Amino acid sequence: MSILDRILRGKIRYGRLTIISHDGETSHYGERVAGWPDVTLRLQSSSAVRRILLNPRLGMGESYMDGGVSVDDDDIMGFVELIRRNNPWENGGEIGDPKPLRKLLGQILSPLTQLNSLANSKSNVAHHYDVSNDFYQMWLDEDMQYSCAYWSEADATLDQAQMAKKAHIAAKLALEPGQKILDIGCGWGGMALYLNRVADVEVLGITLSEEQLKLARERAEAAGVSDKVHFELLDYRVLAKRAPGYFDRIVSVGMFEHVGVPQFDTFFRACANLLKDDGVMLLHTIGRLGKPGSTDAFTRKYIFPGGYIPALSETLAASEKVKLIHSDIENLRLHYAMTLREWYARVRANRDDIITQYGERFYRMWIFYLAGATAAFEWGGMCNYQIQYIRNRRSLPITRDYIGEAECQSSKI
């Protein structure tokens, strides 16, 4: 405990963390402050401490999953918030020089974890999305939107915020009836079905998840629009060779995080070639507030193998190479944090059903992941970007007024 004690003494100032060791020793860190978490962590064995100290990036998460560490009232969200909130990304003070060795290791090792070939991409997607549709239906909104919602009103429900997100994206696409739309990473089909409903457009949604494909097709059939909204198990790289210049619009929501830096140039070249000369694209992706980094070890191992959260600089550098003009960029700074808190609460509300179907270790993995992600968006370096691209500078109105007007219209449909 002595090494762990020295580390935590300098990290926790506000809020209270109580740690109870396996032999009953109790340690307190920080001071109780209104509005800050008050959390009790129990170390169930001496091996849990060694595991955390030897590999902090994985040790805490794995120990929690395996029961070596527990949190009273199952408040893993409070524990993670306490750590992150005391050490926010926006800490003031002088900005030091980068550490050369860490920078070099990142440059060498990060791309090796993101080699998403055609085969790897499908297996990586299956790891996360093919758990089962039933699992995601337990805690997502009714339309199964698995990406950052848009909280235009702070007291909105999750369903309302996800509907607002779809309207916000549709407005930025400036849709016209009869246009051909490509949805890259279409999920369970909600966005494609929404765009067809509000704008009378034809949509092709592509995914690498067989579970998502099955449900998306069922939803299109049930809505009676399977002649206008099609879904295919297809990689964007394959489609780019089949349909150059075919689409008026491209939308991609929550998929770019799975591409990986080595494929950034390929992704944007494919998108540029799939678009018509006057086409418009909307990319909705998690991003970093600062410079390029690396995927945390827990997320890479258990949640999104092959995934990477891009810095805005990396995204724009890749898209600039193929003459995609970034005509509008919006940073949804806190919207994903609000979304994740809703998901976390819903997963906890379904605790018993999830444990019955998937096991307690799986449940603990998910709430640890969602808690960590929430803290990363509230106090860490994560955000969400919406980047609008055009191929021709005259493709859209020269002011943003049309976006708000279109959102108002879609809300009436």
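The values are calculated or read from the model by the stated rules, or taken from the named source; none is laboratory data. Here the structure is a predicted model, which is why all the values come from computation and not from measurement. Cβ placement follows ideal geometry from the backbone for every residue including glycine, while neighbour counts extend to all protein chains displayed. The area values use the complete protein model at the heavy-atom level, side chains included, leaving out ligands, DNA and RNA. Shrake-Rupley method; radii C 1.70, N 1.55, O 1.52, S 1.80 Å.
Structural remarks
- Relative frequency of Cα-Cα separations exceeding 43 Å in the chain, percent: 14 percent
- Mean Cβ neighbour count within 10 Å, used as a protection proxy, ranking 222-229, 172-179, 250-257 highest first: 250-257, 172-179, 222-229
- For segment 137-220, a crude dipole built from +1 on the beta carbon of Lys and Arg and -1 on the beta carbon of Asp and Glu, taken about the Cα centre, is about 240 debye to the nearest 20.
- Split the accessible area of the chain by element, probe 1.4 Å, and carbon with sulfur accounts for 51%.
- Nearby aspartates and glutamates by direct alpha-carbon distance to residue 11 (threshold 17 angstrom, same-chain neighbours under 8 apart not counted): 31, 38, 81, 90
- Of the cross-linked pairs 180/323; 172/228; 166/321; 291/321; 166/228, those separated by over 23 Å at the C-alpha level are 166/321.
- Given charges at Cβ of Lys, Arg, Asp, Glu: the chain dipole, positive-most of 383, 263, 212: 263
- Relative contact order, percent, the chain [alpha-carbon distance under 8 Å, six or more residues apart]: 18 percent
- Bridges between two residues of the chain, per DSSP, are antiparallel at a rate of about 45%.
- Residue 338 accessible area, assembled protein chains, probe 1.4 Å, Å²: 70 Å²
- Think of a 1.4 Å ball rolled over the protein heavy atoms: segment 160-255 then has 36 Å² of accessible area per residue.
- Gyration tensor (alpha-carbon) shape descriptor, segment 205-317, a/c threshold 1.5: oblate
- Full extension of the chain segment joining residue 334 with residue 243 gains 29.1 nm, where the gain is 0.36 nm per residue of separation less the Cα-Cα distance.
- Segment 41-57 and segment 374-405: distance between their alpha carbon centers, rounded to Å: 42 Å
- Entry comment: accessible area of segment 315-413 is 50 Å² per residue, from protein heavy atoms only and a probe of 1.4 Å.
- For residue 89, residues with placed amide H under 5 Å, excluding near neighbours: 380
- Pair residue 159, residue 137: separation of 7 Å Cα→Cβ label points (nm): 1.5 nm
- Contact order normalised by residue count of segment 304-386, Cα under 8 Å, 6+ apart, percent: 43 percent
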